[in-house]
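Trainee: Quick one: structure below, then a few questions.
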Amino acid sequence: MKSIVIAIAAMIIMAGPAMAGQCPALIKQLNEAVGKMKEGDAKVKEAKVLIAEAQKLHDGKKHADSVIKGDEAAKVLGIKLKKK
Ligand SMILES: [Cu+2]
């Protein structure tokens, strides 16, 4: 029983840094995609808000939430993100 608890705790601890590297990579891809699109476009504006939120979540160490926001932004833009 104890070993299971330790294994779960270790997974949670290790998931943190792994996710931390993911968001900047996703945000970079989103910003590049936005850079190629028309600035006045409604979906570009919407995506920029979501990207800013993803960045804020990442800065606040909420990496899992940041990835979800990034996915939302990608859906708005109609692009696919490359994930690690
Ligand atoms: Cu992050």
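Trainee: Could you pull out every one of the lysines with an alpha carbon less than 25 Å from that of residue 56, ignoring same-chain neighbours closer than 8 positions?
Mentor: 28, 36, 38, 43, 45, 48, 69, 75, 80, 82, 83, 84
Trainee: For residue 2, give me every one of the aspartates and glutamates with a C-alpha distance below 18 angstrom, ignoring sequence neighbours fewer than eight places off in its own chain.
Mentor: Partners found: none.
Trainee: May I ask you to order 23-36, 67-80 by the average number of other C-beta atoms within 10 Å around their residues, highest value first?
Mentor: Values: 23-36: 16.5, 67-80: 18.6.
For the peptides 23-36, 67-80, the packing ranking is 67-80, 23-36.
Trainee: Expressed in nm to one decimal, what extension gain is obtained for the pair residue 32 and residue 80 from 0.36 nm per residue of sequence separation less their Cα-Cα distance?
Mentor: Details: separation 48, 0.36 × 48 = 17.28 nm, distance 1.23 nm.
The residue 32-residue 80 span can extend by a further 16.0 nm.
Values in this text are rule-based calculations from the coordinates and carry no lab data. Nothing here was measured: the structure is a model prediction, and the numbers come from that model. Cβ coordinates were reconstructed from backbone atoms using ideal geometry, including for glycine residues, and neighbour counts include every protein chain displayed.
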